[in-house]
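The values are calculated or read from the model by the stated rules, or taken from the named source; none is laboratory data. Everything numeric in this text was worked out from a predicted model, so none of it was measured. All Cβ positions, glycine included, derive from the backbone under ideal geometry; neighbour counts span all protein chains shown.
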Amino acid sequence: MDVPIIELDDVKKSFGPVNVLKGVSLKAYPGKVTALVGDNGAGKSTLIKGLAGVQPYDEGTVKFNGDVVHLTSPREASHLGIEVVYQDLALCDNLDIVQNMFLGREETKLGTFDEGEMERQASETLRSLSVRTVKSVRQRVSSLSGGQRQTVAIARSVLKAAKVVILDEPTAALGVAQTEQVLALVKRLAEQNVAVIMISHNLVDVFQVADYISVLYLGQMVAEIETKNTTSDDVVGYITGSKTYGGAA
Amino acid sequence: MSDTKKTPAPKRSAVASADEAIPDTTALPASGLIGSGQEGGLGDQIRAYISRVRGGDMGVLPAVAGFVVLSILFTVLSQYFLTERNIANLITQAAPSVMLAVGLVFVILLGEIDLSAGTTSGVAMALFVVLSDPGGPNLNWIVALIIALASGVVVGLFIGFFVARVGIPSFVVTLGLFLGFQGVQLLIIGTGGLYRIQEDAVIAIENGNMPIWGGWVMLAVMLLISFGTAMLDRGRRNRAGVPNRTIALVWIKLAAILVLGGVAVFLLSQNRGQVNVLDGKIVGGTIIEGVPIVVPLVLAILWVGTFVLDRTRYGRYLYAIGGNAEAARRAGIKVIGIKWAAFAICSTLAVVSGLFSASKVGSVDAAFGHDTVLTGVAAAVVGGVSLFGGRGRLVHAAVGALVISVITNGLGLLNLGGGINLIVTGGVLILAATVDAVSRVRAGGSLIRT
């Protein structure tokens, strides 16, 4: 097995008296999709925010490519190549696809935008993800469907050669066809050797794309399993706490 | 002639290598790029524009239509409307509102408002006249003007502090300043006081004209800048290997500037003063001719502002914050600093607007500038700038201000000033907002924006 690009070891996080993460370990591999599942309040979001540098962990080590790193700001995480696609996507409706993808990191020449360069890169990134549903990269985001928005948000995250992409419930609120599109996109992302960490409540989606499944239960990682070695029923059991995981992955 | 798709398929970035494993790429265009709406000939571009308008993206179109309709209406109703003298008059009347509306766009794009812009201009111009008063401190007028502009910057930073830093709604902060500044102005000027503008240079802004050749030089500079930036953009797009819009659009734009600007400069180059002619010789009266000095000033500020909004990070971030402030913050944009600067720009341009207005009126009193701000906001809205933020351009606000000025000017010529003027202006404002809202609903959007 490869070296995990992300390796969390015994990370803890508490808010006042509430211990949200009680010593969690997680591994994510390049080119693999790791699903992070767990019930509401299990600590998924807190775990992700620590990786994104938004809310640093209190204790524990984070290894990136085998080296210990300290993620204390979104900028550091982004610098390492860790990108997060939040559930609410964080796109500006009034800007077009290119403008959204480059927001905050525009290509400029002499202080003015190099629109051509940005347009080409945006177009190439979307192409590399085999996106076919977008007619023009100069469409405003307000004119896009939910699936297309998710596509743009994901494309934005990989624009600058991201190594780890964290997706927060990418298929929530999507229709059947759009869910299929986004899941296909997640697979292609992994094919480009990106380590994908996907939070999801939908086990059907998880079993469709994930290589590994990590289950959080009340702030503890109760199972880290290879998808092919488990069943949906078992995972439901781990999530609800009615089953405990014993076997080796 | 179209010069699209002649570039070879560009090199893919490193991440694209895995995509070779996916066989079905037949549906994609041969150029290897996703469309950008720039392809195709003139016909395609016109069709695309029409479909955008039908899709609810009306932009400045209703305001331009309103301007044309009102102009025709007043030309029919009044023999004085389409005279050289009235055109010059209309332009100088509109200049202060244009400036104020343009300044307000910077904060309106953020979804904020500055109700104190008018009183800010009042306080700043009160400072200006008192400081440069020969019977008072008698400062050099340039020094006094710099102080006035600086006071605008300070006011903007003050508002920005409370809005961006403390987090008070801009409506409340600027409403407070709107009230407070009326008092400040009263204290500076004194009850019932009125200061005449003494400096000829200031009077000349609105009342002086450039020499005839100045107008033509101005037009030539506009054409050159327009052509130069268009070519620069095309060059960059070519180098990046993405298609350009058909060059015909550049020629059409230049032709439009040449014809409309040419007609305007030509009309303003005619003598619009009263002269007494005896035996074919001018024996008395005054010759008034040339483009008013305020015109190049307004155009220059408009151009710089548009440049900043369209082509620099600062401008893009203004739109981004207006569209989705949280997304902007997560993208690493320093939202607070951008907002802060926007309020400073708005207040400073409000002072410039006050300068134009003082130049036009020739004096500053204790009530100067108090009733202008809502006209500025109305101008922006009539021009198609969204009060919800993120949508609109400077030129929209400028056209909106022209529409409102045409109403004031035309009704004045028909001796229907005062009450009727305000009623019609209010009606046009509501009409403009309705056109905008209905066009958005037709495009499948919601009437109520969240």
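On inspection, B:Tyr319 passes the criterion of being part of a helix (DSSP H, G or I), facing chain A (nearest Cβ under 9 Å) and over 17 Å from B:Ile87 (Cβ atoms). When residues in region B:322-371 are screened for being closer than 19 Å to B:Gly389 by Cα, over 18 Å from the mean Cα position of the chain (by Cα), of a type outside the set (Phe, Trp, Tyr) and away from every other protein chain (no Cβ under 14 Å), 2 of them pass.
The residue list A:Lys32, A:Lys63, A:Lys22 contains one member that is under 30 Å from A:Leu174 (Cα atoms) and out of contact with any Cys (no Cβ under 6 Å at 6 or more places or on another chain), which is A:Lys32. Quick check, is B:Gly66 in a helix (DSSP H, G or I) and either farther than 20 Å from B:Gly392 by Cα or modelled with pLDDT under 95 (or both)? So B:Gly66 passes the test.
For region A:166-180, the criterion of a residue being within 14 Å of chain B (Cβ to nearest Cβ) and touching a residue at least 24 places away in the same chain (Cβ under 8 Å) is satisfied by at least one position. Only residues that are in a strand (DSSP E or B) and touching a residue at least 40 places away in the same chain (Cβ under 8 Å) were counted in region A:181-228, giving 14. Among the residues examined, A:Ser136 qualifies as farther than 14 Å from B:Ala331 by Cβ, surrounded by 16 or more Cβ atoms within 10 Å (Cβ to Cβ), at the interface with chain B (Cβ under 8 Å from one of its Cβ atoms) and among the polar types (S, T, N, Q). Reported count of residues in region B:372-408, each being closer than 20 Å to B:Leu431 by Cα and over 11 Å from the mean Cα position of the chain (by Cα), is 19. Tallying residues that are within 25 Å of A:Val54 (Cβ to Cβ), touching a Leu at 6+ places or on another chain (Cβ under 9 Å) and not β-branched (Val, Ile, Thr) within region B:286-329 yields 11.
Let's see how each residue does on (1) outside any loop (DSSP other than H, G, I, E, B); (2) aliphatic (A, V, I, L, M):
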site: B:Gln38; (1), (2): no, no
site: B:Arg47; (1), (2): yes, no
site: B:Ile50; (1), (2): yes, yes
site: B:Met58; (1), (2): no, yes
site: B:Leu90; (1), (2): yes, yes
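A:Tyr238 falls short on exactly one of the conditions (1) buried (at least 22 other Cβ atoms within 10 Å of the Cβ); (2) hydroxyl-bearing (Ser, Thr, Tyr); (3) in contact with a Gly (Cβ under 6 Å, 6 or more places away or on another chain), and that condition is (3). Among the residues of region B:67-97, which ones are over 19 Å from B:Phe266 (Cβ atoms), touching a Phe, Trp or Tyr at 6+ places or on another chain (Cβ under 7 Å) and polar (S, T, N, Q)? Correct list: empty. Do we find that B:Val129 is out of contact with any helix residue (DSSP H, G or I) (no Cβ under 7 Å at 6 or more places or on another chain) and either of a type in the set (Gly, Ala, Ser) or farther than 25 Å from B:Val406 by Cα (or both) in this structure? Answer is yes for this residue. Of everything in region A:129-145 that is assigned to a helix (DSSP H, G or I) and of a type in the set (S, T, N, Q), the residue that is farthest from B:Ala327 (Cα to Cα) is A:Ser143.
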